[in-house]
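Just so it is clear, none of the values below were taken in a lab; they were calculated from the coordinates. Note that the structure is a prediction, hence the values are computed from the model and not measured. Positions of Cβ are generated from backbone atoms using ideal geometry, with glycine treated the same way; all protein chains shown enter the neighbour counts.
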Amino acid sequence: MQVMKGTQTDITIREAAPSESAIILHHRRSMFRDMGEGAVEELDRMVEVARPWLERAVADGSYHHWLALDASGHVAGGGGVLLCPWPASPKDPCTERAVILNVYTEPEFRKRGIARQIMQTILVWLKERGLRAVNLHASAEGRPLYKKLGFEATNEMRLRFDQTDSVPAGSSDSRSGQRFEDGDGS
C-alpha cells in the first residue's frame, strides 16, 4: 500500500481485491461513457460480458488492478494491467507483454494528480516484475499525462471486422477456400 501526501487530498493506492470487481467494472463502464463510446445498452452488455473474464483474470493473476482511496476510504479512481504471454523480440527478451487498462478517476477527484499516482504505481510494479515495456490506448483526456510519463505513439494498426463489408485483399474465405486478391487480379 502506498500513501501519497502533498496533494489536495491524501490518497492511498492499494491493489484491488478479487471481491472488488464491481468497482473495476464501474470504472471501465464510466471510462467508455465519458469518452462517448457506446450507447447505454452496449455499455451494459460490455459489463456483463467482461464480468466473468475479469473474475478469472484477477484469480489467475493475468490482470492486476489498483485503487486510489481518499482519507475517508472513498474510491477516487483506479487502473490495471493485463499480462499476457508474448514471444521475445530482438530488443525485448521478455516473454510477457503488459497492457495498461481501465485508468479512470471519478469526476469529483479529477485534476488532483490521482491518475498520475495510479500510473506511477503500475509502472513501478511492472519494472519490479522485470518487464521492459508497456502499452496502452490513450483517451484524448489521458494523452497529455501519458506523454509526460514518457509514452510514445507506436506503429500499431487495427482492422475492425464489424466495420468492413469485405474480406481484405490477399486473404481467403475459410468456408469456401476461395482466395481474394487485389483488384488487379494478382
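When only the Cβ of Lys, Arg, Asp and Glu is charged (+1, +1, -1, -1), the dipole of the stretch 2-152 relative to its Cα centre reaches about 600 debye. Taking the DSSP bridge list for the stretch 2-152 and keeping only pairs wholly inside it, about 90 percent are antiparallel.
Protection proxy ranking of 70-81, 112-123, by the mean of other Cβ atoms within 10 Å over each peptide's residues and highest first, is 112-123, 70-81.
Placing dummy labels 7 Å off each Cα toward the beta-carbon, the span from E55 to R110 is 3.2 nm. Each other residue within a Cβ distance under 10 Å of V134 adds +1 if Lys or Arg and -1 if Asp or Glu, for a net charge of +3. Counted residue by residue at 0.36 nm each, then reduced by the alpha carbon distance between them, the extension gain from H137 to E156 reaches 5.8 nm.
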